[in-house]
1. For SER85, state whether it is touching a residue at least 60 places away in the same chain (Cβ under 8 Å), open to solvent by 20 Å² or more (accessible area, probe 1.4 Å) and assigned to a loop (DSSP other than H, G, I, E, B).
2. Write out, first by first residue and then by second, each pair whose Cβ atoms fall under 6 Å of each other, whose residues are 6+ apart or on separate chains, and whose first residue, in the range 9-29, is open to solvent by 30 Å² or more (accessible area, probe 1.4 Å) while the second is at pLDDT 95 or above and β-branched (Val, Ile, Thr).
3. Out of all the residues in the range 31-54, is one or more open to solvent by 30 Å² or more (accessible area, probe 1.4 Å), modelled with pLDDT under 95, within 22 Å of VAL2 (Cβ to Cβ) and in contact with a helix residue (DSSP H, G or I) (Cβ under 6 Å, 6 or more places away or on another chain)?
Amino acid sequence: QVQLVESGGGLVQAGGSLRLSCAASGRAFRTYAMGWFRQVPGKEREFVSAISWTGDTTSYADSVKGRFTISRDNAKNTVYLQINSLKPEDTAVYYCAARTFTIRTMESDFGSWGQGTQVTVSS
């Protein structure tokens with residue numbers, strides 16, 4: 001399995017930007033499709049974005065399309081989530097997840113998870 005560590009969260013004002021990073025350790029990172037999910041206390045974890053192992057296919061939740069961009073650098077074993085035009089409703093713990101090869105958007109399809117990074121957006 002791959003170990004994942006997220007970073008880059010913080011407190012920002014509405015309209016601001018953040019770039020989340022997820023560093024992976026373990027072998028064969030380039031064979032993993034990666035995903036970002038988020039969770040608010042009391043609610044289920046929800047899909048945000050995913051990227052294929054090659055990086056040529058991406059997927060986004062409707063609520064973040066046009067504002068979030070997922071990317072990966074296989075040489076650095078890292079996946080990124082660029083978040084622009086932040087809204088208070090984006091406040092959540094953001095989790096990075098990995099699964100082998102095929103891009104998916106369901107939480108249950110991912111077998112490896114990071115510990116999460118908090119994003120708080122003030123109005």
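1. So SER85 passes the test.
2. GLY9/THR117; GLY9/VAL119; LEU11/THR120; ALA14/VAL121; ALA23/VAL5; ALA23/THR78
3. The answer is yes; a qualifying residue exists.
Okay, residues lined up against (1) among the β-branched types (Val, Ile, Thr); (2) assigned to a loop (DSSP other than H, G, I, E, B):
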{"position": "LEU4", "(1), (2)": "no, no"}
{"position": "ARG30", "(1), (2)": "no, no"}
{"position": "ALA50", "(1), (2)": "no, no"}
{"position": "THR54", "(1), (2)": "yes, yes"}
{"position": "LYS76", "(1), (2)": "no, yes"}
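The values are calculated or read from the model by the stated rules, or taken from the named source; none is laboratory data. These numbers come from a predicted model, not from an experiment. Neighbour counts are summed over all protein chains in view; Cβ atoms, including those assigned to glycine, are modelled from backbone coordinates with ideal geometry. Note: areas computed on protein heavy atoms with side chains; ligands, DNA, RNA excluded. Shrake-Rupley method; radii C 1.70, N 1.55, O 1.52, S 1.80 Å.
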